[in-house]
Amino acid sequence: MKPNLLVARPIFEEVLARLREHFNVTDNQADHAWTLDEWKAQLSQHAGALTTGADPINKDVLAVCPQLKAVANMAVGFNNFDVPAMTAHGVQASNTPDVLTETTADFGFALLMATARRLTESEHFLRRGEWKQWRYDMFAGAEVHGSTLGILGMGRIGQGIAKRGAHGFGMKVIYHNRSRLSAAQEAECKARYVSKEELLRSADHVVLVLPYSAESHHAMGAAELAQMKPTATLVNIARGGIVDDAALAQALRNRTIAAAGLDVFEGEPKVHPDLLTVPNVVLTPHIASASIATRMAMANLAADNLISFFTQGRAITPLNTLGA
Ligand code: GLV
């Protein structure tokens with residue numbers, strides 16, 4: 001008998017068709033937003049699930065899902081998972097690393113450029129019909145090429161952004177991370193390891209690519225924003241909650257920093273109302289990995305993780321190791 005699989009959110013029809021060859025699939029193409037109770041009720045009937053970063057798998061959920069054996073997150077970030085609790089419940093957890101690295105780094109760079117060069121602010125001005133004449137300082141922004149790029153969190157995506165900056169734009173790259181890269185990796189990224197304080201103090205552009213955890217909660221709060229240059233930009237493509245959004249809105253309003261580009265938000269899809277009213281911020285709805293090819297690769301890898309687990313006992317990109 002095929003195992004029951006819950007696909008929590010809409011997904012490519014081709015991927016659903018592949019999954020149906022191996023599972024009895026309950027899908028959510030209608031994109032009905034389940035409440036937590038509905039989510040738990042649905043999940044409790046299934047042995048596997050394909051989730052997105054917004055679907056929680058924690059102790060509370062696991063307590064009502066004794067049949068659950070594997071959950072594949074269609075995301076590289078997995079702060080929606082309590083991995084130790086999943087391991088304790090014998091549930092295989094997996095995510096989708098690597099397939100989205102370059103696409104997400106592309107987007108990080110796009111957001112940096114849009115923010116520094118005031119792309120959306122100037123477009124809104126044009127659309128409002130306010131463009132009457134050329135002016136020397138109209139939407140003059142910050143230089144990107146040759147400036148100092150500070151990357152907080154130097155995993156695969158951070159390294160992708162560093163390479164773009166160093167090799168494509170002649171930027172001086174500095175980074176801070178829990179662990180230092182090898183000398184070979186630093187040379188490849190042309191990146192210099194510095195303390196967080198030095199990074200905040202000297203970067204013209206600060207890009208956040210660190211995973212969300214209790215330790216990284218509000219890693220960029222009022223105190224950290226105050227250490228940045230008043231001409232600097234901040235880009236967050238990591239996770240909401242790493243930046244204190246209220247403090248950021250205030251820093252943007254007071255011009256403590258020049259501008260910010262945000263793809264992720266505390267409590268998204270809600271956005272702090274103050275961020276919606278400050279002009280010097282570029283806002284996008286969590287789309288850093290959203291090229292069609294990459295989203296397809298992520299969906300296929302999540303599906304492969306489930307197929308591999310249920311046919312061979314192990315996911316391809318697991319986040320935990322289950323006991324015998
Ligand atoms: C998206 O945010 C991801 O973690 O893949």
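The values are calculated or read from the model by the stated rules, or taken from the named source; none is laboratory data. Here the structure is a predicted model, which means the values were calculated and not measured. Methodologically, a virtual Cβ is constructed for each residue, glycine included, from the backbone with ideal geometry; neighbour enumeration extends over all protein chains shown. Protein only, heavy atoms only, side chains kept; ligands, DNA and RNA dropped before computing areas. Shrake-Rupley method; radii C 1.70, N 1.55, O 1.52, S 1.80 Å.
For the reader, a short list of remarks on this structure follows.
- Counting residues in segment 118-137 that are assigned to a helix (DSSP H, G or I), surrounded by 13 or more Cβ atoms within 10 Å (Cβ to Cβ), among the aromatic types (Phe, Trp, Tyr) and over 14 Å from the mean Cα position of the chain (by Cα) gives one or more.
- The residues of segment 80-97 that are open to solvent by 30 Å² or more (accessible area, probe 1.4 Å) and either of a type in the set (Val, Ile, Thr) or within 13 Å of the ligand (Cβ to nearest atom) (or both) amount to a single one, Thr87.
- Of the residues Leu50, Leu5, Leu43, Leu16, the single one that is open to solvent by less than 10 Å² (accessible area, probe 1.4 Å) and without any contact (Cβ under 8 Å) to a residue 24 or more places away in the chain is Leu16.
- All positions within segment 179-218 that are over 18 Å from the mean Cα position of the chain (by Cα), farther than 20 Å from Lys229 by Cα and not hydrophobic (A, V, I, L, M, F, W, C): Ser179, Arg180, Ser182, Gln185, Glu186, Glu188, Lys190
- Scan of segment 266-306 for residues that are hydrophobic (A, V, I, L, M, F, W, C) and more than 12 Å from the ligand (Cβ to nearest atom), ordered by number: Val271, Leu275, Leu276, Val278, Val281, Val282, Leu283, Ile292, Ala293, Met296, Ala303, Leu306
- Filter result for Phe107 (more than 19 Å from Ala315 (Cβ to Cβ) and under 21 Å from the mean Cα position of the chain (by Cα)): yes
- Inside segment 19-39, residues that are open to solvent by less than 90 Å² (accessible area, probe 1.4 Å), of a type in the set (D, E, K, R) and over 21 Å from Cys65 (Cα atoms) make up a count of 1.
- Note on segment 259-283: residues that are closer than 21 Å to Lys229 by Cα, without any contact (Cβ under 8 Å) to a residue 40 or more places away in the chain and touching a Lys or Arg at 6+ places or on another chain (Cβ under 8 Å) total 1.
- Looking across segment 306-324 at every residue that is of a type in the set (A, V, I, L, M, F, W, C) and not in a loop (DSSP other than H, G, I, E, B), the one that is surrounded by the fewest Cβ atoms within 10 Å (Cβ to Cβ) is identified as Phe310.
- The lone exception for Gly323 - which of (1) farther than 23 Å from Asp106 by Cβ; (2) touching a strand residue (DSSP E or B) at 6+ places or on another chain (Cβ under 9 Å); (3) more than 16 Å from the ligand (Cβ to nearest atom); (4) in contact (Cβ under 8 Å) with a residue 40 or more places away in the chain it fails: (2)
- Looking across segment 55-75 at every residue that is within 15 Å of the ligand (Cβ to nearest atom) and free of Cβ contacts under 8 Å to residues at least 60 places away in the same chain, the one that is surrounded by the fewest Cβ atoms within 10 Å (Cβ to Cβ) is identified as Pro56.
- Taken over segment 12-54, residues that are under 25 Å from the mean Cα position of the chain (by Cα) and either within 16 Å of the ligand (Cβ to nearest atom) or not charged (D, E, K, R) (or both) amount to 20.
- Ala288 meets the conditions (1) part of a helix (DSSP H, G or I); (2) surrounded by 19 or more Cβ atoms within 10 Å (Cβ to Cβ); (3) among the hydrophobic types (A, V, I, L, M, F, W, C) in every case but one. The failed one is (1).
- Residue in segment 253-266 that is open to solvent by 40 Å² or more (accessible area, probe 1.4 Å) and under 16 Å from Thr284 (Cα atoms) present: yes
- Hey, Ala162 among the aliphatic types (A, V, I, L, M), buried (at least 19 other Cβ atoms within 10 Å of the Cβ) and at pLDDT 95 or above or not: yes
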